[in-house]
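Here is the structure we will look at, set down as C-alpha cells.
The values are calculated or read from the model by the stated rules, or taken from the named source; none is laboratory data. Please read these numbers as outputs of a predicted model, since none were measured by experiment. Every residue, glycine as well, gets a Cβ built from its backbone with ideal geometry; the counts of neighbours run over all protein chains shown. Accessible surface areas use protein heavy atoms only, side chains included; no ligands, DNA or RNA. Shrake-Rupley method; radii C 1.70, N 1.55, O 1.52, S 1.80 Å.
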Amino acid sequence: MEILAQHTIIIPTYNRPDLVQQLVRFYRNEAPHMKLLVLDSSIPEMARINQEKLAGGEPLLVYRHYPSAIPMAKKLAQGLGEVTTPTVSFCADDDVVFPHAINHSIDFLNQASDYVCSHGLYLIFRPEAEKVYMFIENSGRSMDAQHAGARIFRLCQNYESLFYAVFPTQQLQRIFAEVRNILSLHFQEFFQSIGSLILGKVNRFSDFYAARRMGPEAEPGREKWNTFYWFADDPQDVLQHYNDYRQLAFAFYEQAGAAPLLSKDAFLRAFDLSHAVYFGRSCPPHYFHERLQELWPQDTFIREPVDLFEELRGQTPSIFPPQMREWFAEIQWGMENIHKLPAIQNWRRRPLKKMNKKIAQDYQSGHHQQPWSCELLPNFLWLAKLNGFKQSFNGLCRYLDCAES
C-alpha cells in the first residue's frame, strides 16, 4: 500500500482519548506509511491525556491542540492547511475508514480527473462484549451527472454526507476555505457536499469503505442534531442562515463551476428546489405537529389520513365464500412468516456461522486479541456471503483489538 504514503487522514477528536488512541494504533498497524493529523479540541484534562500519548512522537503522526470552543469548521480548515500530501480524508475519532478502501479511492481519483472525491459503502457497528452487531448505512450511487445542478439535485434526493470521502487535497482546501465562513454547523456540513458537487463528480464504489460506531456521543447532552429540530424551534432563523448559505454557494459556483454557467436566478432556483426536496423528505410531520399541539390541544395528530374510498371498498361483498377467504388468509400468513421457521433460519444463518467459525480460528491462532463474532439482523444475513464484507469485518476486528484493555 505504498500509495497510502501520499495520503493524510485528519482525525478530529473531542473528549474521547481512548477512542482516538485506538484509531491511531490501528492505522499505525495497518498503514504505517500513511500520515495522521490529530486535531484535538478536548477539554484540558482530556487533552493532557492525548498529548502524553500522541504528541512529540513519530514524524508521520502530528498532534495539534485547539481551544475547546473553537468552531468545528475553523479547526478542520486550519488542519487542512497543514496537509502536504496529494490526497486527504477525514475520519472521526469513534469511527474507522478501512485503509484498503482509501487505497481504492486514491487509485480511482488518479485516473479520473473529472471526479472530485471517491468513497464506498458505509457500515454501522455496535460492539457489545465480544459480539459486534453490524448494520448498513450510506449506500447511494455515484453522483456522476454532467451538470453540477443535476448532481446537487441528486444529493438532495438522497442526502448522504461526503465528509469521509478521499479528496485531492487542494480541492478540499478550496471547499473548507468557504465552509469556515458559514456560522451554522448544519449548513457547514451541507456546503462541504454541495461545494464538492460544484467542483466535480463523486465516485462511490460498491465495496465497503468505512464503519461508523453506534454511540457513545461526544456531546451526550446534545440531542437535536437534525436540521428539522432547528426549523421547528425557529423557522425564521433557519431561513436567514439558509439565505447566507445559498448566496455563498452561488459565489463558489460562479468562481469554481464548469462552463457554461447558469445565471444567478437559474442557479438559485435549481438550488432552492433541490433543497425543498431534501427538507420535505427530512421533516417528520408528527414532530412538527407535536410542537404545534398547544395551539389546538383538542385536535390530535392523524398519522395516516383516512382514505374514504378504501372504506367503501371494504363494504363491498366478496366473490369468494368465507371458507376460501380463510384459506387465502392462512396462505398469506404462511408466505409472510415462512422465514421464521427454525429450519429456514438455520439455513439462512449458515454463511454467518461459517464466517464466525473462521474468525474464531483466527483468534485461536493469535491473529485477534479477542474471540469476536459478527451479529446480523435477518434482513442482512446475506452480507456474510460477500468477500468484501468478510474482509472489512476482519479489519474491524483488528481495529477493535487496538483498544486498551
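Quick notes on this structure:
- Qualifying residue in segment 387-405 (condition: without any contact (Cβ under 8 Å) to a residue 60 or more places away in the chain, out of contact with any Gly (no Cβ under 9 Å at 6 or more places or on another chain) and of a type in the set (A, V, I, L, M)): no
- With respect to (1) at pLDDT 95 or above; (2) open to solvent by 40 Å² or more (accessible area, probe 1.4 Å); (3) closer than 16 Å to residue 147 by Cα, the lone exception for residue 244 is condition (3).
- Residues being surrounded by 14 or more Cβ atoms within 10 Å (Cβ to Cβ), of a type outside the set (Asp, Glu) and part of a helix (DSSP H, G or I) are entirely absent from segment 257-264.
- The set of residues in segment 4-52 being in a helix (DSSP H, G or I) and surrounded by fewer than 18 Cβ atoms within 10 Å (Cβ to Cβ) consists of 5, 6, 18, 25, 28, 29, 44, 45, 48, 49, 51, 52.
- Residue 215 within 15 Å of the chain's Cα centre (by Cα), in a loop (DSSP other than H, G, I, E, B) and under 24 Å from residue 252 (Cβ atoms): no
- Annotation note: of 233, 299, 272, the sole residue that is under 28 Å from the mean Cα position of the chain (by Cα) and either free of Cβ contacts under 8 Å to residues at least 12 places away in the same chain or open to solvent by 60 Å² or more (accessible area, probe 1.4 Å) (or both) is 233.
- Qualifying residue in segment 58-73 (condition: under 14 Å from residue 39 (Cβ atoms), in contact (Cβ under 8 Å) with a residue 60 or more places away in the chain, within 21 Å of the chain's Cα centre (by Cα) and open to solvent by less than 10 Å² (accessible area, probe 1.4 Å)): yes
- Taking first residues from segment 338-361 that are more than 15 Å from residue 134 (Cα to Cα) and partners that are β-branched (Val, Ile, Thr) and surrounded by 11 or more Cβ atoms within 10 Å (Cβ to Cβ), the Cβ contacts under 8 Å between residues at least 6 apart in sequence or on separate chains come to 338/344.
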